[in-house]
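Participant: Here it is, the structure, as C-alpha cells.
The values are calculated or read from the model by the stated rules, or taken from the named source; none is laboratory data. Because the structure is a prediction, the values reported are computed rather than measured. Positions of Cβ are generated from backbone atoms using ideal geometry, with glycine treated the same way; all protein chains shown enter the neighbour counts.
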Amino acid sequence: MERYAIVANVRGPWQEAIAWLKTVATREITWLKEYATPGTPRPFQPLSQSSPAEHITLYEKFSAASDYLLPRDAELLQSTLWHWDLHASNIFVTEDKITAVIDWQDCWVGPLMLQARRPPLVDFKGKRMLQFPDHYKSLDAGPEKDKIRDTVERSILLFIYESELHGTSPVFGRLSHVPHVSMIKETVLFSANTWDNGIIPFRESLIRIQKHWSEICPDHPCPFTFTADELEKHAVESEGYDENAEFWSSISGLVARDGFVLVEDYEEAFELFAGLREEGLRVFVGREREDFEKATGWAVPV
C-alpha cells in the first residue's frame, strides 16, 4: 500500500526540516508494523531484510538522531527544487541555447543541504588532477594515457563548475563546511522505504553517523548505539553488498544503478548481462540457481 495513504499527517507542509525527518521515520515504522510480513529472504538479500523488527529498530535510531543531524543555518535548510539527474541526455540545446530540461519526475522540494549535489554532467569522485603530470607526453598511446587525460578533463570541468557556483551563491560554499554533510545526505536518502530498497545501506549510514557523532554534533551525546552483536551481524551481511556496490560502480559508465542505459549502449549492456547470467548459471546450484535463473530471465537473447 502507498505509504502516504496510511498516516494522515505525513504530507506536510512542515514548518522545519527536523519535523520532516521525524515524519519519514514515523511513516516507515507505521507501514512496517501494519503491512510488512516476516518471510523468507529474497534472492541475494540478507536475513534482516525480511525482518520488520530489524527495519523498525533502525528507524527508531534515525528518529532519535533527527533532532541533531541538520545545522541551524536557515539558508542551508531553505526549501529548494533541485534536478538530481542533470546530464547531457536530459538537456536540449538549440543554437547554443538551452531550450528544455527533461526528466523531472523524481524531483521534489526539500532542504537545500539535502538537495544540493553535483549534476552527473560534472560529477567526479576521483583524485583531482588539474594539469598533466610531467611524464604525460612521454607515455605511449593507450589506457594509462587515456585515463590521465580523462581525469584532467573531468577535474577541470568540476573546478569550473564549483568556482562559478560558489561565486554566484556563497551559500554553497558554506555547505562544504558542514561536518560530514555527504554522510548525512546519504543517511536521509537511504531512509526511504528500506523494505523494498534494501536495509544494508541505511544501517551502514547510521553506523557511520554514530562513529562520527562527536564531529557532527559535539554538544550532545549520540542518542542511539549499536551493540557489538549488531555490528558483527552487519559486517557479515554487508560483505555481499560491498561486492555488489563495487560491481555497479565498475559499470557506471555503461549502465546506471536504476538500469538506465543510452540507446547506443543497449546492445553492449545486454551482452554484458547475458554473459553474467550464463556465468551465474554455471556456478550456482539448487535453489540458488533456480532463483538466479528466474531473476535474470530478461537477459536471454531472443
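Participant: I'd like the full set of residues that are in contact with a helix residue (DSSP H, G or I) (Cβ under 7 Å, 6 or more places away or on another chain) and farther than 26 Å from SER89 by Cα, limited to segment 254-299.
Facilitator: Hits for segment 254-299 are ARG277, GLY280, LEU281, PHE284, ARG289, PHE292, GLU293, THR296.
Participant: Still on this structure, I have one more. With the requirement that a residue be more than 28 Å from PRO179 (Cα to Cα) and at pLDDT below 95, what does segment 52-85 give you?
Facilitator: Correct list: empty.
Participant: Quick one: is ILE91 modelled with pLDDT of 90 or more, surrounded by 16 or more Cβ atoms within 10 Å (Cβ to Cβ), hydrophobic (A, V, I, L, M, F, W, C) and assigned by TED's automatic domain parsing to the domain that holds ASP123?
Facilitator: Yes, satisfied.
Participant: Residues being surrounded by 17 or more Cβ atoms within 10 Å (Cβ to Cβ), closer than 18 Å to LYS233 by Cβ and of a type in the set (D, E, K, R): count how many of those fall in segment 179-214.
Facilitator: So the count comes out to 2.
Participant: If you take the residues in segment 42-84 that are among the aliphatic types (A, V, I, L, M) and within 30 Å of ALA295 (Cβ to Cβ), which one is farthest from the chain's Cα centre (by Cα)?
Facilitator: Looking at residues that are among the aliphatic types (A, V, I, L, M) and within 30 Å of ALA295 (Cβ to Cβ), I get ALA53.
Participant: Step by step: first the residues of segment 101-153, then only those that are touching a residue at least 12 places away in the same chain (Cβ under 8 Å), in contact with a Leu (Cβ under 6 Å, 6 or more places away or on another chain) and not hydrophobic (A, V, I, L, M, F, W, C), then the one that is nearest to PRO71 (Cα to Cα). Which residue is that?
Facilitator: PRO111
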